[in-house]
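The values are calculated or read from the model by the stated rules, or taken from the named source; none is laboratory data. In this text, all values refer to a predicted model and were calculated from it rather than measured experimentally. So basically every Cβ, Gly included, is an ideal-geometry build from the backbone, and we count neighbours across all protein chains shown. Only protein heavy atoms, including side chains, enter the accessible area calculation; ligands, DNA and RNA are left aside. Shrake-Rupley method; radii C 1.70, N 1.55, O 1.52, S 1.80 Å.
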Amino acid sequence: MIIDLQRFVAAGRPYWSDLEKILDRLEAEAASTMSLEQLTRFQRLYERAAADLAKLTTFSAEPETRRYLERLVARGYSEIHETRARRSRLAPRKWFLETLPRTFRRHLRAFYLSLAITLAGCAFGGFALILDPDSRHATMAYGHDQLTPEERVRQEEQATEDRLDGRKTSFSAFLMTHNTKVSIFTLALGMTWGVGTILMLFTNGVTLGAIAVDYVQAGQTKFLLGWLLPHGVIEIPAILIAGQAGLVLAFALIGWGKRRPFTARVREVSRDLTTLILGVGIMLVWAGFVEAFLSQYHEPMIPYDLKIGFGLVELTLLTLFLAKSGAKGGAGEIPAPAVVETRKP
Amino acid sequence: MRTSTLKIRTVEGVVFSQRLAGPVTRFLAWFLDLLCIGLLLWVVSWLSLVVGFLSWNLAGAFSTLAYFVISIGYGIACEWGWRGQTIGKRFFRLRVVDVEGMRLQFNQIVTRNLLRFVDALPAAYFVGGLACWFSPKCQRLGDLAANTVVICNPHVTEPDLDQLLAGKFNSLRQHPHLAARLRQSVSPDEAAVALQSLVRRDEFDPIARIELFAELAAHFRAKVEFPPEATDGIADEQYLRNVVDVIYRSRPEARRDQVLA
């Protein structure tokens with residue numbers, strides 16, 4: 001049997017046009033809502049279009065009408081069967097104070113792993129420097145191997161002019177963008193089953209450990225803390241959280257002990273990845289400001305105790321924020337639901 | 001297995017398909033986007049020159065931040081604002097969609113755009129291109145992580161068959177029993193070939209067009225033999241038009257005309 005195409009199109013056209021109008025409105029206005037009556041009509045129109053498509057596919061191979069109906073059904077399908085919440089309004093305060101810390105806590109194991117990898121890198125860098133002082137040329141980045149701690153401290157404390165004079169803002173912008181790029185890269189390398197993320201965290205730890213041991217061995221611990229703490233207590237956790245996000249992605253990719261298919265596993269963590277990396281971005285903007293405007297200034301201009309105190313206050317606030325913020329008020333953010341696999345693409 | 005179509009079966013049991021975009025089309029769209037980003041950065045460099053009159057320090061910060069925001073935010077802003085399209089994708093009629101046919105979410109857009117950092121390695125999206133080439137659904141790593149695919153999104157309008165099957169006199173309808181037999185004996189695929197040959201008739205070379213319609217007319221003539229008075233003096237193309245008219249339209253008014261006659 002071949003259907004009477006013209007009659008079929010003539011009969012279906014008013015319903016298809018109505019459905020198209022509803023879909024246009026839904027797609028244009030994310031915040032729009034429908035009454036129960038409108039919703040019922042929308043579903044009926046969608047079901048009619050789906051039935052028409054099924055009929056056309058069975059009884060006619062006419063491609064133009066089929067493509068049109070397929071497109072219509074695809075659009076209707078995405079609106080009707082979507083179970084993830086639609087974010088109609090931006091709520092940055094709620095996102096920052098509740099969603100971000102809850103997301104961080106939901107993946108705490110990945111954060112601890114990220115921390116452990118960085119600490120292993122620190123230990124490696126530190127021991128390498130103790131065992132072989134020449135390793136500083138391999139382990140220290142950004143030219144830190146060119147000066148001994150004593151020379152660096154002498155230079156900084158005896159400086160008569162501000163070496164960042166007239167370029168503090170651009171330096172801080174450079175730090176923000178550079179560190180954010182590194183963080184995004186650390187997250188993205190989660191797609192290498194986590195190998196790239198682990199390497200990034202480890203090498204970062206190696207540099208940090210080597211520099212720390214170098215200054216401690218030289219008796220410049222106070223300078224080191226005064227230099228690193230103000231921005232480092234935010235910057236280093238930010239990189240750790242980027243590593244956490246990369247590891248979350250890697251776990252979803254590998255799917256240890258999970259029977260859900262890959263698409264469902266990734267869908268489950270996708271929103272969390274975005275939340276974590278946006279949080280990292282905010283942290284790095286702050287760290288960039290602090291590094292350019294405070295960390296690079298030393299005694300006698302700014303007392304080390306003040307800088308260390310500032311860093312400790314920041315660290316306390318950050319810890320409290322990540323551990324406690326948004327803890328009250330129920331079970332917290334509902335993670336993106338895993339889609340039941342009823343469709344087989 | 002690599003496929004050029006994404007098929008989704010709905011819970012109602014209806015299957016719809018979307019044509020997947022290939023790596024080359026996607027590369028061309030990306031290249032156009034790259035030009036757009038370059039243009040925006042050129043504008044920013046001029047703006048930073050203007051800011052430089054106030055302070056070189058501010059100008060440096062402005063250009064650094066603008067470069068970063070544009071290079072990362074361009075794809076995110078365009079795909080969010082245009083529901084899965086950038087300027088390059090609009091030009092080549094491509095669209096990012098959810099791999100399971102769901103609504104595209106902001107976090108999916110962010111994820112697929114941030115993972116460009118890996119896809120772009122070591123240069124010119126080599127890793128992404130390779131992944132796209134070997135992936136069954138032509139997905140780069142960003143698409144895999146975000147559960148998205150890029151589809152070809154041709155402009156689809158409501159079909160208009162009136163013009164094609166406009167009611168000229170159809171001699172085959174003078175023999176309703178043979179017309180009914182023709183409708184019975186033609187498969188949907190044969191009907192589609194006949195209809196498509198008419199829809200696309202102006203795309204063929206003149207000689208190819210004559211040959212094609214001769215072949216198709218002969219095929220349909222062999223299925224049901226109409227008396228000579230219904231077929232004599234009719235060109236092959238007109239014969240096929242009459243066949244398609246019989247197959248796709250039952251036309252009660254034609255039957256009524258015959259009864260009245």
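Looking at segment A:165-204, which of the residues that are outside any helix (DSSP H, G or I) and more than 10 Å from every other protein chain (Cβ to nearest Cβ) is nearest to A:MET283 (Cα to Cα)?
Quick first cut of segment A:165-204, residues outside any helix (DSSP H, G or I) only: A:165-167, A:193-194.
This time we only want the ones that are more than 10 Å from every other protein chain (Cβ to nearest Cβ), so: A:193-194.
Working: A:TRP193: 26, A:GLY194: 23 Å.
Top of the filtered list is A:GLY194.
Taking helices (runs of 4 or more DSSP H) that fall entirely within segment A:24-138, which contain at least 2 residues that are at pLDDT 90 or above, open to solvent by less than 50 Å² (accessible area, probe 1.4 Å) and under 30 Å from A:LEU318 (Cα atoms)? First the steps, then the outcome.
Working: elements: A:36-59, A:63-80, A:100-106, A:108-131.
Those helices (runs of 4 or more DSSP H) span A:100-106, A:108-131.
Could you tell me which numbered condition B:VAL43 fails, if it satisfies all but one of (1) of a type outside the set (Asp, Glu); (2) at the interface with chain A (Cβ under 8 Å from one of its Cβ atoms); (3) open to solvent by 60 Å² or more (accessible area, probe 1.4 Å)?
Unmet condition: (2).
Among the residues of segment B:95-116, are any more than 8 Å from chain A (Cβ to nearest Cβ) and surrounded by fewer than 19 Cβ atoms within 10 Å (Cβ to Cβ)?
No, the conditions are met nowhere in segment B:95-116.
Which of the residues spanning segment A:139-155 are open to solvent by less than 40 Å² (accessible area, probe 1.4 Å) and charged (D, E, K, R)?
A:ASP145, A:ARG152
Out of B:ILE8, B:ILE37, B:ILE72, report the one residue that is within 8 Å of another protein chain (Cβ to nearest Cβ), open to solvent by less than 40 Å² (accessible area, probe 1.4 Å), among the hydrophobic types (A, V, I, L, M, F, W, C) and not in a strand (DSSP E or B). It would help to see each step written out before you state the result.
On the way: B:ILE8 fails: not in a strand (DSSP E or B); B:ILE37 fails: within 8 Å of another protein chain (Cβ to nearest Cβ).
Just one listed residue meets the conditions, B:ILE72.
Name every residue in segment A:178-195 that is open to solvent by 10 Å² or more (accessible area, probe 1.4 Å) and within 19 Å of A:ALA141 (Cα to Cα), in order of residue number.
The answer is A:HIS178, A:ASN179, A:THR180, A:LYS181, A:VAL182, A:PHE185.
Listed here are the residues, each with its yes/no results for (1) open to solvent by 20 Å² or more (accessible area, probe 1.4 Å); (2) within 14 Å of chain B (Cβ to nearest Cβ); (3) not in a helix (DSSP H, G or I).
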site	(1), (2), (3)
A:VAL206	no, no, no
A:LEU225	yes, no, no
A:HIS231	no, no, no
A:ILE236	yes, no, no
A:ALA242	no, yes, no
A:ALA245	no, yes, no
A:VAL248	no, yes, no
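Do we find that A:ALA218 is open to solvent by less than 40 Å² (accessible area, probe 1.4 Å) and within 30 Å of A:GLU268 (Cα to Cα) in this structure?
Details: open to solvent by less than 40 Å² (accessible area, probe 1.4 Å): yes; within 30 Å of A:GLU268 (Cα to Cα): no.
So A:ALA218 does not fit the description; no.
Do we find that B:GLU79 is part of a helix (DSSP H, G or I) and not polar (S, T, N, Q) in this structure?
Numbers: part of a helix (DSSP H, G or I): yes; not polar (S, T, N, Q): yes.
In short, yes.
Return the only residue of B:PHE16, B:PHE27, B:PHE53 being more than 10 Å from every other protein chain (Cβ to nearest Cβ), within 24 Å of the chain's Cα centre (by Cα) and either of a type outside the set (D, E, K, R) or open to solvent by less than 70 Å² (accessible area, probe 1.4 Å) (or both).
Details: B:PHE16 fails: more than 10 Å from every other protein chain (Cβ to nearest Cβ); B:PHE53 fails: within 24 Å of the chain's Cα centre (by Cα).
Among B:PHE16, B:PHE27, B:PHE53, only B:PHE27 is more than 10 Å from every other protein chain (Cβ to nearest Cβ), within 24 Å of the chain's Cα centre (by Cα) and either of a type outside the set (D, E, K, R) or open to solvent by less than 70 Å² (accessible area, probe 1.4 Å) (or both).
Is one or more of the residues making up segment B:57-69 more than 10 Å from chain A (Cβ to nearest Cβ), among the hydrophobic types (A, V, I, L, M, F, W, C), surrounded by fewer than 20 Cβ atoms within 10 Å (Cβ to Cβ) and under 27 Å from A:GLY281 (Cβ atoms)? Steps first, please.
Kept after step one, since they are more than 10 Å from chain A (Cβ to nearest Cβ), are these residues of segment B:57-69: none.
No; the residues of segment B:57-69 include none that is more than 10 Å from chain A (Cβ to nearest Cβ), among the hydrophobic types (A, V, I, L, M, F, W, C), surrounded by fewer than 20 Cβ atoms within 10 Å (Cβ to Cβ) and under 27 Å from A:GLY281 (Cβ atoms).
Only one of A:LEU318, A:LEU312 is surrounded by fewer than 19 Cβ atoms within 10 Å (Cβ to Cβ), within 17 Å of A:ARG105 (Cα to Cα), of a type in the set (A, V, I, L, M, F, W, C) and at pLDDT 95 or above; which?
Going through A:LEU318, A:LEU312 in turn, the sole match is A:LEU318.
Just need a number here: residues in segment A:1-23 that are part of a helix (DSSP H, G or I) and either surrounded by 14 or more Cβ atoms within 10 Å (Cβ to Cβ) or outside the structural domain of A:ARG71 (by TED's automatic domain parsing) (or both). Before you say what the answer is, go through the steps one by one.
Looking only at segment A:1-23, we keep the residues that are part of a helix (DSSP H, G or I), and these are A:5-23.
Okay, now just the ones that are also either surrounded by 14 or more Cβ atoms within 10 Å (Cβ to Cβ) or outside the structural domain of A:ARG71 (by TED's automatic domain parsing) (or both), so A:5-9, A:12, A:15-16, A:18-20, A:22-23.
Matching residues across segment A:1-23 total 13.
Give B:LEU121, B:LEU104, B:LEU65, B:LEU58 a once-over and let me know the one that is touching a helix residue (DSSP H, G or I) at 6+ places or on another chain (Cβ under 7 Å) and outside any helix (DSSP H, G or I). Show your work before the answer.
Numbers: B:LEU104 fails: touching a helix residue (DSSP H, G or I) at 6+ places or on another chain (Cβ under 7 Å); B:LEU65 fails: outside any helix (DSSP H, G or I); B:LEU58 fails: outside any helix (DSSP H, G or I).
Among B:LEU121, B:LEU104, B:LEU65, B:LEU58, only B:LEU121 is touching a helix residue (DSSP H, G or I) at 6+ places or on another chain (Cβ under 7 Å) and outside any helix (DSSP H, G or I).
With the checklist (1) at pLDDT 90 or above; (2) aliphatic (A, V, I, L, M); (3) in a helix (DSSP H, G or I) in hand, flag the one item B:VAL24 doesn't pass.
Every condition holds for B:VAL24 apart from (1).
Would you be able to tell me the number of residues in segment B:1-13 that are hydrophobic (A, V, I, L, M, F, W, C) and modelled with pLDDT of 80 or more? Quick ask: steps written out before the conclusion?
Within segment B:1-13, the subset hydrophobic (A, V, I, L, M, F, W, C) is B:1, B:6, B:8, B:11.
When the remaining residues are screened for being modelled with pLDDT of 80 or more, the result is B:6, B:8.
Here the count works out to 2.
Just checking, how many residues over segment B:198-217 are open to solvent by 10 Å² or more (accessible area, probe 1.4 Å), part of a helix (DSSP H, G or I) and more than 12 Å from every other protein chain (Cβ to nearest Cβ)? Full working, then the answer.
In the first step, residues of segment B:198-217 are kept if they are open to solvent by 10 Å² or more (accessible area, probe 1.4 Å); the result is B:199-212, B:214-216.
If we keep only those that are part of a helix (DSSP H, G or I) too, we end up with B:199, B:201-203, B:206-212, B:214-216.
This time we only want the ones that are more than 12 Å from every other protein chain (Cβ to nearest Cβ), so: B:201-203, B:206-212, B:214-216.
The qualifying residues number 13.
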